[in-house]
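Accompanying notes for the structure given below.
The values are calculated or read from the model by the stated rules, or taken from the named source; none is laboratory data. From a predicted model like this one, the values you see are computed outputs, not experimental measurements. Glycine gets a Cβ as well: all are built from the backbone with ideal geometry, and neighbour counts include every protein chain shown. The accessibility values were calculated without ligands, DNA or RNA, using every heavy atom of the protein model including side chains. Shrake-Rupley method; radii C 1.70, N 1.55, O 1.52, S 1.80 Å.
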Amino acid sequence: MQPSFQPRHGVLRWLVVTAAGTAAACLLAFSPAQAQDAPGRARTESPYFFVASDDPGLDRLPLKSTQVDVRISGVIADVTVTQHYRNEGRRAIDARYVFPGSTRAAVSGMNVRVADRLITARIREKQQARVEFDQARTEGRTAALLEQHLPNVFQMNVANILPGDEVKVELRYTELLLPQAGNYQFVFPTVVGPRYNSPQSQQAGATWVAQPVLPAGVPGAAAFDLRVALSSPIGIKELRSPTHRVEVTGEGEQRAGVALAGSGPADNRDFILDYRLAGDRIESGVMLYRGPEENFFLAMVEPPKHVAPAAISPREYIFVVDISGSMHGFPLDTAKAMLRNLIGGLKPSDRFNVLLFSGSNRFLAPQSVPATGANIEQAIRTIENFRGGGSTELIPALRRVYAEPRPADLARTVVVVTDGYVTVEREAFELVRRHLSDASVFAFGIGSSVNRHLIEGLARAGMGEPFVITDAAQAPQEAARFRRMVESPVLTSVRARFEGLDVYDVEPQQLPDVLGERPVLVFGKWRGDARGQVVVEGMTAAGPHREAIPVGPHVAQDAAALRHLWARHRIARLTDQEALEGGDGLRQQITALGLGYGLLTQYTSFLAVDTVVRHPGPDGSTPVDQPSPMPQGVSNLAVGAEVPGTPEPATWGAVLVVGSVLVMLARRARRQRAGRYTA
């Protein structure tokens, strides 16, 4: 008999004996899961709700505005972010602000303006920068320190902002934009979602996690504005933002502009801008930069079109679905819509199972079941009953998946569905990479401000593809794209050759399979004359594929951004390798790259210190943490508010047990009463 999604029942005696204990467990499971500090373990930091100060002399909201200016030329985006701080209180303050960034950002510069003085920040080793910043603060100098906690989480520290002071901090970064099936997308994250900080996380003691958060529906106090200028030798078309109201000028021309429009909060969700080029072209080719000491190249090779294979092998799919408190409401509703499309699109020859997780986890079936209509419908109905609540223990969920025996005749694909509000990225990447021979991993980020570092990192470690869904309407198309990728990669066994070119320090060292219609990227350095061609070869469902791009005098050598982009790409690879190996064994290499190329990394920081001693008083400044708005669609449950009647996954089994006991006891009581009446 084939297994199916049906509840299992025990004998009555066992039910009666365990009912009381199980009921008690249910009562405990219905209350919110909170991380507790074990004896001897460092205190686990957690986000908290912002509380307004009752001290009128203290300005607890020093960040007054953020201005974002984006210039996109071809496939490179140059971004300038200006944070404007003003102290409207009567006491000097030290401002701290945790904010997000792009996972692909090469942060390469920072300036600070105090009154009429412009201070240029310098790159420093992280601990040395912290020492110099603390010294400047103690001496009464205004100083700014920019640190990276994660590739997409930064912290700005501004010391000694005096009453009435205006301090503007300007940071600059460069990013490479990769088209997908001819669609270009620029993303600017605006808010760091509140993270569940597991006691087992290497980030458990990280103070940045303990950031103040405004309750859901309360807008941020700082103004936010964003403008984009695009230029391309090809006409720009279909400019639109699925997340914000925008005004567009110059669409269809070679230059276009985009600006935020309308009122209402704009800094509580990712800003996403989509556009295409005339003729649906991908700007493939070679970009060059001849520098004073090193020369850099970037080859972008357009992949072949997707070809459906003649025969598709059956697979086993395990869907790992986050139903924690931060997923309550809009994110989980969107996830359900996506899962209906994903699971509903499986073939009868496939097998699948669903693992629901929050503080605990539970499979919907003892083992994977055939993707029959009845099993699919039962799984979807069960998922529909969940509303989200509890903590977010991702690592135990992944471990349980990998502990499940894999059918010998089926390839396994794991699909993780989450908003990513955790601090166990490094542990998750290591776990997925260690089990790469057991399963590929695809990751779906659900929500308005997902943790893209986790989503992209899981997919990269699992040789899969990341997806981000900000709206339930995107679910059908993203589910279809997922099926195409799994059934037939666009290009496999990919390799690059350089004919007539003297290249070195090539990244990546091994080209991955191309799953979607996305260009093949090859970074590197070159010596001598730039003459020859870059050849990319691989296999498609239709047979061998070869693409050659000529390099010669016709290619301009002025793409200065390549220097930073190459270094950022190598740093990302070393960071992944360090996560896999554990510890900080590659700290020296990453630090050397950060210092040598002037980039923000986990081991290097930007520091700007004013030469003027402005606050020599003995009392010092008061530290103030700038609060972040709650991401759009995320409820207060993300910060530990009580869960309205939604138990942990493991509790549902207990609920079935207790329910069965109550029903059987009621029936026995009715039979006993009936016996007394007839007697």
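Residues 190, 103, 138: which one is at negative phi and either assigned to a strand (DSSP E or B) or touching a helix residue (DSSP H, G or I) at 6+ places or on another chain (Cβ under 6 Å) (or both)? Spell out how you get there, then give the answer.
Numbers: 190 fails: either assigned to a strand (DSSP E or B) or touching a helix residue (DSSP H, G or I) at 6+ places or on another chain (Cβ under 6 Å) (or both); 138 fails: either assigned to a strand (DSSP E or B) or touching a helix residue (DSSP H, G or I) at 6+ places or on another chain (Cβ under 6 Å) (or both).
The unique qualifying residue is 103.
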Q: Go through the residues of segment 492-501 one by one and say whether even a single one is out of contact with any Asp or Glu (no Cβ under 9 Å at 6 or more places or on another chain), open to solvent by 60 Å² or more (accessible area, probe 1.4 Å), within 30 Å of residue 345 (Cβ to Cβ) and in contact (Cβ under 8 Å) with a residue 40 or more places away in the chain.
A: no
(Q) Which count do you get for residues in segment 585-632 that are β-branched (Val, Ile, Thr), surrounded by fewer than 19 Cβ atoms within 10 Å (Cβ to Cβ) and either touching a Leu at 6+ places or on another chain (Cβ under 7 Å) or assigned to a loop (DSSP other than H, G, I, E, B) (or both)? (A) 1
Q. What number of residues in segment 224-235 are modelled with pLDDT under 90 and surrounded by 20 or more Cβ atoms within 10 Å (Cβ to Cβ)?
A. 1
Q) Which pairs do you get when a residue that is within 17 Å of residue 435 (Cα to Cα), found in segment 574-590, comes within reach of a residue that is open to solvent by 50 Å² or more (accessible area, probe 1.4 Å) and not in a helix (DSSP H, G or I), reach meaning Cβ atoms under 8 angstrom, with the pair 6+ apart or on two chains? A) 578/584; 578/585
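One line per residue, one yes/no per condition, for (1) under 27 Å from residue 634 (Cβ atoms); (2) surrounded by fewer than 18 Cβ atoms within 10 Å (Cβ to Cβ):
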residue: 396; (1), (2): yes, yes
residue: 399; (1), (2): yes, yes
residue: 412; (1), (2): no, no
residue: 415; (1), (2): yes, no
residue: 425; (1), (2): yes, no
residue: 431; (1), (2): yes, no
residue: 438; (1), (2): no, yes
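Run down 257, 262, 291 and say which single residue is closer than 30 Å to residue 501 by Cα, over 27 Å from the mean Cα position of the chain (by Cα) and surrounded by fewer than 21 Cβ atoms within 10 Å (Cβ to Cβ). Step through it out loud before you land on a result.
Numbers: 257 fails: closer than 30 Å to residue 501 by Cα; 262 fails: closer than 30 Å to residue 501 by Cα.
Only one candidate passes the filter, namely 291.
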Q.
Every residue in segment 155-177 that is in a strand (DSSP E or B), open to solvent by 10 Å² or more (accessible area, probe 1.4 Å) and either under 15 Å from residue 85 (Cβ atoms) or in contact with a Phe, Trp or Tyr (Cβ under 9 Å, 6 or more places away or on another chain) (or both), please.
A. 155, 166, 168, 170
**Q.** Output for segment 311-339, where each listed residue is in contact (Cβ under 8 Å) with a residue 60 or more places away in the chain, closer than 25 Å to residue 409 by Cβ and aliphatic (A, V, I, L, M)
**A.** 312, 318, 320
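Please give the strands (runs of 3 or more DSSP E) falling wholly within segment 270-329 in which 3 or more residues are more than 30 Å from residue 537 (Cα to Cα), modelled with pLDDT of 95 or more and out of contact with any Phe, Trp or Tyr (no Cβ under 6 Å at 6 or more places or on another chain). Spell out the reasoning first.
Working: elements: 271-277, 285-290, 295-301, 315-322.
Passing ranges, in order: 315-322.
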Q. If you check residue 553 against the conditions, is it surrounded by fewer than 14 Cβ atoms within 10 Å (Cβ to Cβ) and either farther than 28 Å from residue 312 by Cα or at pLDDT 90 or above (or both)?
A. yes
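Could you please give the count of residues in segment 117-135 that are assigned to a strand (DSSP E or B) and touching a residue at least 60 places away in the same chain (Cβ under 8 Å)?
Step one: list which residues in segment 117-135 are assigned to a strand (DSSP E or B), which gives 117-120, 122-125.
Filter once more, keeping what is touching a residue at least 60 places away in the same chain (Cβ under 8 Å): 117, 119-120, 122-125.
Residues flagged as assigned to a strand (DSSP E or B) and touching a residue at least 60 places away in the same chain (Cβ under 8 Å) within segment 117-135 amount to 7.
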Q) In segment 348-357, is there at least one residue being in contact (Cβ under 8 Å) with a residue 60 or more places away in the chain, open to solvent by 10 Å² or more (accessible area, probe 1.4 Å) and either farther than 21 Å from residue 431 by Cα or not in a strand (DSSP E or B) (or both)? A) no
Q: Within segment 358-390, track down each residue that is open to solvent by 50 Å² or more (accessible area, probe 1.4 Å), over 27 Å from the mean Cα position of the chain (by Cα) and not hydroxyl-bearing (Ser, Thr, Tyr).
A: 366, 367, 373, 374, 377, 381
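Report whether or not residue 591 is over 24 Å from the mean Cα position of the chain (by Cα) and polar (S, T, N, Q).
Working: over 24 Å from the mean Cα position of the chain (by Cα): no; polar (S, T, N, Q): yes.
Against the criterion (over 24 Å from the mean Cα position of the chain (by Cα) and polar (S, T, N, Q)), residue 591 does not qualify.
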Q) If you take the residues in segment 204-218 that are of a type outside the set (S, T, N, Q), closer than 30 Å to residue 262 by Cα and within 23 Å of the chain's Cα centre (by Cα), which one is surrounded by the fewest Cβ atoms within 10 Å (Cβ to Cβ)? A) 217
Q | Qualifying position, being free of Cβ contacts under 8 Å to residues at least 24 places away in the same chain, over 19 Å from the mean Cα position of the chain (by Cα) and open to solvent by 40 Å² or more (accessible area, probe 1.4 Å), among 509, 533, 477 | A | 477
Q. Would you pick out the residues in segment 403-435 that are more than 25 Å from residue 312 (Cβ to Cβ) and more than 16 Å from the chain's Cα centre (by Cα)?
A. 403, 430, 431, 433, 434
Q) Restricting the search to segment 382-415, which residues are touching a residue at least 40 places away in the same chain (Cβ under 8 Å) and among the basic types (Lys, Arg)? A) 387, 400, 406, 412
**Q.** Residue in segment 178-203 that is modelled with the lowest pLDDT, counting only those that are open to solvent by less than 10 Å² (accessible area, probe 1.4 Å) and under 19 Å from residue 467 (Cβ atoms)
**A.** 182
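So which of 278, 221 is open to solvent by 20 Å² or more (accessible area, probe 1.4 Å), free of Cβ contacts under 8 Å to residues at least 60 places away in the same chain and either of a type outside the set (Ser, Thr, Tyr) or within 29 Å of residue 564 (Cα to Cα) (or both)?
Working: 221 fails: free of Cβ contacts under 8 Å to residues at least 60 places away in the same chain.
Of 278, 221, the one residue that is open to solvent by 20 Å² or more (accessible area, probe 1.4 Å), free of Cβ contacts under 8 Å to residues at least 60 places away in the same chain and either of a type outside the set (Ser, Thr, Tyr) or within 29 Å of residue 564 (Cα to Cα) (or both) is 278.
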Q. Yes or no: residue 391 outside any loop (DSSP other than H, G, I, E, B), farther than 19 Å from residue 464 by Cα and hydroxyl-bearing (Ser, Thr, Tyr)?
A. no
Q | Selection status of residue 239, on the phi < 0 side of the Ramachandran plot, without any contact (Cβ under 8 Å) to a residue 60 or more places away in the chain and among the hydrophobic types (A, V, I, L, M, F, W, C) | A | yes
Q: Considering (1) outside any strand (DSSP E or B); (2) under 26 Å from residue 306 (Cβ atoms); (3) modelled with pLDDT of 90 or more, say which one residue 517 fails and leave the rest.
A: (3)
Q) Any idea which of 412, 381, 387, 399 is of a type outside the set (A, V, I, L, M, F, W, C), modelled with pLDDT under 95 and within 13 Å of residue 438 (Cα to Cα)? A) 412
(Q) If I filter segment 520-530 down to residues being assigned to a strand (DSSP E or B) and either of a type in the set (D, E, K, R) or under 32 Å from the mean Cα position of the chain (by Cα) (or both), which single residue comes out as farthest from residue 463 (Cα to Cα)? (A) 527
